[in-house]
Amino acid sequence: MAAASLTLPPVTLATSILIEDSLADGVSFFMAELLRIQQIVRLADQAPQGRTILYLLDEILRGTNSEERQVAVRRVILHLLRKRALGAVSTHDLRLADLPDLDHACRPVHFQETLHPGAEGAVMTFDYKMRPGVATTTNALKLLELLGLDLPQ
C-alpha cells in the first residue's frame, strides 16, 4: 500500500548513487566515493537556515574493506545526523544495520525477493513492500546456482 501523504521540511537532495571510477582522471572507485561523500558532508555543514539535507546513499563506501567501511560509515552518518540531515542508506552489508550509536535514529527495512528460473536464466523480482528489519533471506548462492556457477568449493 502506498502512503496517503508525506510531509517534509524544505530539503536539498544529496545523493551517492552510481559512482564510477575514472582511469583517464586517475580517480579510483573508492576515491570517487569519498569525493561524493565529501560533497554531501559539506552540503550538510553549510545548509542554509530552514533547509534540511535529504541524503540517499547507495552501497556507501563499498570500495574499501568491510572493517574500515563500518567505522567510516558510522562516522559519516553520525555527522549527518548531528547536522539534522534526513536520509536513507541502502546496503547489502548486513553488519551496517548493527552499528553502535545509530540504532536510535535508524530503522532497518528490506524488500522481499523472489527468484524465478527461466529459459533465459534466473530472474529476480521484488514486491517493493517495505518490511521492518534486516533482510531475512539471501539470494547470491541461489543466483550463482541458477546461472550454472555453483562451482565446487
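The values are calculated or read from the model by the stated rules, or taken from the named source; none is laboratory data. None of the values given here were measured: they were computed from a predicted structure. In this analysis, Cβ positions are derived from the backbone assuming ideal geometry, glycine residues included, and neighbour counts consider all displayed protein chains.
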remark   = In the set Asp98, Asp150, the lone residue that is surrounded by fewer than 16 Cβ atoms within 10 Å (Cβ to Cβ) and over 26 Å from Ile19 (Cα atoms) is Asp150
key: Check on Ile53, among the β-branched types (Val, Ile, Thr), surrounded by 15 or more Cβ atoms within 10 Å (Cβ to Cβ) and more than 13 Å from the chain's Cα centre (by Cα)   = yes
key: Total residues in segment 60-74, condition touching a helix residue (DSSP H, G or I) at 6+ places or on another chain (Cβ under 9 Å) and at pLDDT 90 or above   = 7
ask   = Hey, any hits in segment 29-42 for a residue that's on the phi > 0 side of the Ramachandran plot, acidic (Asp, Glu) and either assigned to a loop (DSSP other than H, G, I, E, B) or out of contact with any helix residue (DSSP H, G or I) (no Cβ under 9 Å at 6 or more places or on another chain) (or both)?
value = no
task = Report, ordered by the first and then the second residue, all pairs with beta carbons closer than 8 Å, sequence separation of six or more or different chains, a first member in segment 122-138 that is among the basic types (Lys, Arg), and a second member that is surrounded by 10 or more Cβ atoms within 10 Å (Cβ to Cβ) and assigned to a loop (DSSP other than H, G, I, E, B).
result = Lys129/Phe111; Lys129/Gln112; Arg131/Phe111; Arg131/Gln112
